[in-house]
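The values are calculated or read from the model by the stated rules, or taken from the named source; none is laboratory data. As the structure is a prediction and not an experimental result, all values here were calculated from the model. A quick note on method: Cβ atoms are made from the backbone with ideal geometry, for glycine too, and the neighbour counts reach across all protein chains shown. Only protein heavy atoms, including side chains, enter the accessible area calculation; ligands, DNA and RNA are left aside. Shrake-Rupley method; radii C 1.70, N 1.55, O 1.52, S 1.80 Å.
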Amino acid sequence: MKQKTAYICSECGYKSAKWFGQCPSCKEWGTLSEVEVVSSSRKMASRGSSVSSSFKKLNEVTTGDNKRIVTHNNEFNRVMGGGIIKDSVSIITSPPGGGKSTLALGISNDVAGQGMRVLYASGEESESQIKDRANRIFDRISDNIWIVTDNCLDNVVEAVNTIDPDLIVIDSIQTFFLEEFLPSRAGNPTQTMECAGTLVNIAKNKNKKRAVIIIGQMNKNDELAGLRSLEHLVDTVLVMDGDSDGELRSISATKNRFGSTGEMGFFSMTEKGLISIDNPSEFFVTRRDKGDEVSGSAITVLKEGSRPVISEIESLVSQSYTQYPSRIGEGFKNDQLNILISVLEQRCGIPLYNKNVVIKATGGLKLKEQSVNLAIVMSIVSSLWDIPIPSDYAFIADLGLTGELKKIPSAESRIKELDRMGFKKVFVAKDSVKNLSFKNIEVIEIKRLDRVLAYVFGKVGKIDKK
């Protein structure tokens, strides 16, 4: 019988009966590759019967214990929802050099140190490369870690049947292939999905529940490489972020069937691997004593998942000698920065048309919330007038085009974090906090920006205090 073939785009998954130089769907060049069309009967046979297909009433289903594997990495546990579910499949992805392999190896040694068996399968690195990394980041390598350096997933499955591990790490899914689906190369959408499906069956096997962590590569658009179906297939998708040259790494869950998708964990990349930052509010703030304050610094509180994180906003305002002054926001949209500068000029009479303005957050945090707007404006004015803001003041409010302060969500939890860290005053919009008292901090509710400037600096540009 004649073998049937098709052409599938490696970027978007578009499928065609004939070859195109340019994908008709995503418009990328040279991404269509020839694959064998596998019949539905062969697909079913390849998946086996490890997961029972019997049906029953929902009321009769027993949920089991579903205990989590809790690691000693608190930030990883937080993002996962409390730990690793034993019959789950998770994907960790990041740009090259983001630290995903380092994190996975650290989790492997942690789990193995608790007496569980771990199989680390790599299709990218040799045994000596993995051992060199382990020697660098671990004081002691657990005896319960086995490694397989092979691109063929069939050999990995054979190792699973022999070692009987509790945790399986696959680094990375785009480098593996199943012999049954040759000549499709590794990384092809067919191979990637079939390999992932095999790993899901291994994890969900009723006779032996196993946790699987898959490392996935990113494409040039900073998205998980491969079909979207890969994300739908797994239980958890973790995305790591951070400059490869920087120290800070963050990890968030864009999908989590066993926890919240809003949580974010922070890590510090060191010679000993990724170290959990258990108290981010101390990491992202430069603590200064009374009298040591510097101009251009203001404190705010971000909400990363369910956790408030105190952050320091730094600004630098300088004279511009060009026709068009620079407006640079590191981790902040330039359009939003221009809007805030316009509000300062129009509503508070503070001229910035001939000034360069640069802002950033200490530690490299991305400023995605509107709650940082008041702190950004205050840091700009502090730098412009060269007047330091007291180190125990904080600002958490949005700023309208009218110059009015706007309420932000979760104000109470943010203020509680400031109170815990010893801050004395926090400036918020009117009616942000109702009938609530705090231990040490004073909550100052103000309606307009010019009045905040008058309170903190004693002046309001060219507009008198009203």
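Quick look at the numbers
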item	result
Hits in segment 108-131 (condition: closer than 15 Å to R210 by Cα and touching a strand residue (DSSP E or B) at 6+ places or on another chain (Cβ under 7 Å))	S108, V111, A112, M116, V118, L119, Y120, A121
Counted residues, segment 323-335 - those being open to solvent by less than 40 Å² (accessible area, probe 1.4 Å) and within 15 Å of N373 (Cα to Cα)	3
Selected residue (only one of D143, D154 is open to solvent by 20 Å² or more (accessible area, probe 1.4 Å), modelled with pLDDT of 85 or more and either in a loop (DSSP other than H, G, I, E, B) or among the aromatic types (F, W, Y) (or both))	D143
Which numbered condition E330 fails, given (1) more than 15 Å from I313 (Cα to Cα); (2) of a type in the set (D, E); (3) in contact with a helix residue (DSSP H, G or I) (Cβ under 9 Å, 6 or more places away or on another chain)	(1)
Filter pass, F457 being surrounded by 15 or more Cβ atoms within 10 Å (Cβ to Cβ) and without any contact (Cβ under 8 Å) to a residue 24 or more places away in the chain	no
Pairs, first touching a residue at least 40 places away in the same chain (Cβ under 8 Å) and surrounded by fewer than 17 Cβ atoms within 10 Å (Cβ to Cβ) in segment 270-293, second in a strand (DSSP E or B) and of a type in the set (D, E, K, R), C-beta under 6 Å, six or more apart	T286/E312
Residues located in segment 10-29, provided they are farther than 18 Å from R185 by Cβ, in a loop (DSSP other than H, G, I, E, B) and of a type outside the set (K, R)	A17, F20, G21, P24, S25, C26
Residue tally, condition in contact with a Ser or Thr (Cβ under 6 Å, 6 or more places away or on another chain) and outside any loop (DSSP other than H, G, I, E, B), over segment 268-296	3
Of all residues making up segment 81-107, the number that are closer than 16 Å to R68 by Cβ, within 15 Å of the chain's Cα centre (by Cα) and surrounded by 22 or more Cβ atoms within 10 Å (Cβ to Cβ)	1
Residue in segment 203-212 that is open to solvent by 20 Å² or more (accessible area, probe 1.4 Å), of a type in the set (S, T, N, Q) and closer than 21 Å to I69 by Cβ present	yes
Segment 361-386, subset touching a Phe, Trp or Tyr at 6+ places or on another chain (Cβ under 8 Å) and open to solvent by 50 Å² or more (accessible area, probe 1.4 Å), residue modelled with the highest pLDDT	W385
Filter result for S229 (within 21 Å of T175 (Cβ to Cβ) and assigned to a loop (DSSP other than H, G, I, E, B))	no
Residue in segment 108-137 that is least open to solvent (accessible area, probe 1.4 Å), counting only those that are in contact with a Gly (Cβ under 9 Å, 6 or more places away or on another chain) and touching a residue at least 40 places away in the same chain (Cβ under 8 Å)	I137
Filter result (hydrophobic (A, V, I, L, M, F, W, C) and open to solvent by 30 Å² or more (accessible area, probe 1.4 Å)) within segment 387-422	I387, L401
Residue within segment 336-358 that is open to solvent by 10 Å² or more (accessible area, probe 1.4 Å), more than 18 Å from L384 (Cβ to Cβ), polar (S, T, N, Q) and modelled with pLDDT of 90 or more present	yes
Filtered residues of segment 157-180 (kept if outside any helix (DSSP H, G or I), of a type outside the set (F, W, Y) and out of contact with any Phe, Trp or Tyr (no Cβ under 6 Å at 6 or more places or on another chain))	D164, P165, D166, L167, I168, I170, D171, S172, L178
Which numbered condition S90 misses (of (1) touching a residue at least 60 places away in the same chain (Cβ under 8 Å); (2) part of a helix (DSSP H, G or I); (3) among the small types (G, A, S))	(2)
Filtered residues of segment 300-331 (kept if in a strand (DSSP E or B), in contact with a Gly (Cβ under 9 Å, 6 or more places away or on another chain) and free of Cβ contacts under 8 Å to residues at least 60 places away in the same chain)	E304, E312
Top-ranked residue in segment 423-439 [being small (G, A, S) and either modelled with pLDDT under 90 or open to solvent by 80 Å² or more (accessible area, probe 1.4 Å) (or both); ranked as farthest from V456 (Cα to Cα)]	S437
